[in-house]
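Scroll down for the structure; my scribbles are underneath it.
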Amino acid sequence: MAEDTGGRAFLDSNTFGQVFDRVVNDTSAYYVLTNVDLSLRSELSYQQLRQVASGWFAKLVLSALAWALLHHLVAGLRHLALDLDLGVDRIAARRSAWMVFVVSVPLALWAALIIFGVM
């Protein structure tokens, strides 16, 4: 049925991450293209889009996305270290997992301050 309607069915899959990534990729292109089209349509539509994007909710969403990006960047560096057999024992791995959180949260707060125009 999914193929008949142009959709996709994710069956017998234990990896929610792959399904979620696919949904985000499929919908983000539509969002970007719609907003680009809206911003180029007229000066009024550009101002409306700019007003929505400058609202507190849009900035909050952008701040959450910045945290996700920064957290994954720091976690990726941790995984590179693990691939080099650095910190693979249980205590060091647990400590490095906490360090990812300790480093990514201040970076995200800094990004949020920039996004909200405080800095």
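No lab work stands behind these numbers, since they all come straight from the coordinates. As the structure is a prediction and not an experimental result, all values here were calculated from the model. Ideal geometry is used to build each Cβ from the backbone, glycine not excepted, and the neighbour counts take in all protein chains shown.
Miscellaneous remarks
- Odd one out for Val118, checked against (1) within 30 Å of Gln51 (Cβ to Cβ); (2) assigned to a helix (DSSP H, G or I): (2)
- Cβ-Cβ distances below 6 Å connect the following pairs, each with a first residue in segment 83-106 that is closer than 27 Å to Ala64 by Cβ, a second residue that is part of a helix (DSSP H, G or I) and not hydrophobic (A, V, I, L, M, F, W, C), and a separation of six or more residues or different chains: Ser96/Arg78; Val100/Arg78; Ser104/His71.
- Residues in segment 52-75 that are loosely packed, with under 11 Cβ neighbours inside 10 Å and part of a helix (DSSP H, G or I): Trp56, Phe57.
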